[in-house]
Amino acid sequence: SQQGEEDPQALSIQEGENATMNCSYKTSINNLQWYRQNSGRGLVHLILIRSNEREKHSGRLRVTLDTSKKSSSLLITASRAADTASYFCATDVGGSEKLVFGKGTKLTVNP
Amino acid sequence: DTAVSQTPKYLVTQMGNDKSIKCEQNLGHDTMYWYKQDSKKFLKIMFSYNNKELIINETVPNRFSPKSPDKAHLNLHINSLELGDSAVYFCASSQGGSTGELFFGEGSRLTVL
């Protein structure tokens with residue numbers, strides 16, 4: 001069954017703007033991960049945040065996690081055309097070995 | 001060197017045929033996965049092996065049979081292909097299961113005619 005739901009499904013912004021994507025999930029987790037998928041390519045891991053963390057940064061990426069609301073957000077600052085991709089959140093279901101992905105947010109950054 | 005490599009990248013075949021997709025990882029990881037991504041980009045786990053042992057087997061038709069000859073390889077064989085099997089199949093590996101990041105291959109696009 002699907003665990004994560006990203007919101008919005010699609011987002012179109014101008015270069016230099018910030019992009020925020022949200023993820024909601026249903027069950028308890030040990031960690032939440034974000035991945036990027038360029039068109040026609042495999043997924044690439046961006047960042048992992050553990051259930052006892054509230055915020056994490058990596059370069060232009062900022063991830064927050066609110067376990068009380070079962071939600072996470074991914075912020076990409078100062079976006080570039082190269083950030084155009086689909087972004088997926090993934091969670092381990094109840095601490096199992098299974099990593100379940102959401103449906104993704106398709107981000108388009110216009111030059 | 002490619003970390004997780006899958007072959008073939010594209011596969012076009014007729015309904016009813018049997019086909020295989022191969023995956024190899026050179027990362028020394030213990031766990032390998034098969035995911036299916038449908039036309040709406042929804043990514044669903046199919047199988048997972050840890051050190052050649054099957055640990056996850058989702059509700060997948062038994063026409064799909066994974067095989068792991070060693071921990072660096074995980075192949076997927078599909079019998080009696082159906083139109084609905086058309087999708088992109090991704091192999092992935094990780095060290096420590098879902099507690100760590102997954103490394104994905106580039107995908108194998110299967111088209112069943």
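Values quoted throughout were computed directly from the atomic coordinates according to the rules given, and no laboratory measurement underlies them. What you are looking at is a predicted structure, and each value in this text was computed from that prediction instead of being measured. Don't worry about glycine lacking a Cβ; one is built from the backbone with ideal geometry, like all the others, and counts go over all protein chains shown.
When exposed loop sites are taken as trypsin sites (Lys or Arg not before Pro) in a DSSP loop with at most 16 other Cβ atoms within 10 Å, the longest stretch of chain A clear of them is A:81-111.
Please identify every one of the trypsin sites (Lys or Arg not before Pro) in the stretch B:61-113 that sits in a loop by DSSP and has no more than 15 other beta carbons within 10 Å of its own beta carbon. Show your work: numbers first, answer last.
Details: sites: B:R63, B:K67, B:K71, B:R109; in loops: B:R63, B:K71.
Passing both the DSSP loop test and the Cβ count: B:R63.
Shielding by partners for peptide A:32-41, expressed as the average number of C-beta atoms from other protein chains within 10 Å of each residue's C-beta, is 2.
The calculated FRET efficiency for the pair A:E5 and B:R63, based on their C-beta separation and a Förster distance of 41 Å, comes to about 0.85. Lysine pair count for the stretch B:4-112 (Cα-Cα distance under 16 Å; residues 8 or more apart in sequence or on different chains): 12.
The H on the amide N of A:L99, modeled in the peptide plane, is under 5 Å from the matching H of no residue at least 5 residues off or on a different chain.
A simple spin-label model places the labels of B:F42 and B:L83 1.8 nm from each other, with each point 7 Å out along Cα-to-Cβ. Restricting attention to chain B, close to 90% of DSSP beta bridges with both partner residues there are antiparallel. The C-alpha radius of gyration of the protein assembly as shown, expressed as a fraction of 2.2 N^0.38 Å, stands at 1.01.
Remark: A:H45, B:H77, A:H57 ranked as A:H57, B:H77, A:H45, counting other beta-carbon atoms within 10 Å and listing the fewest first. Per-residue mean of foreign Cβ neighbours for A:97-106 is 6 (Cβ atoms of other chains, 10 Å radius).
With the Cα gyration tensor of chain A in hand, convert its eigenvalues to equivalent ellipsoid semi-axes via √(5λ) and list them largest first in whole Å.
Working: eigenvalues 107, 42, 26 Å².
For chain A, the semi-axes come out at 23, 14, 12 Å.
Evaluate the relative contact order of chain B (contact order divided by residue number), counting alpha-carbon pairs under 8 angstrom at least 6 apart; express in whole percent. Can you show the working numbers first?
Values: 279 pairs, mean separation 41.2, N = 113.
Here the relative contact order equals 36 percent.
Give the cross-link partners of A:K56 among the lysines, using a straight C-alpha distance below 26 Å as the criterion and excluding same-chain residues fewer than 8 apart. Cross-link targets: A:K26, A:K69, A:K70, A:K98, A:K103, A:K106. Each part gets one Cα centre, and for the stretch B:4-52 versus the stretch A:1-48 those centres are 22 Å apart. The GluC sites (Glu not before Pro) of the stretch A:10-111 that meet both conditions, a loop assignment by DSSP and at most 16 other Cβ atoms within 10 Å of the site Cβ, are A:E15, A:E17, A:E53.
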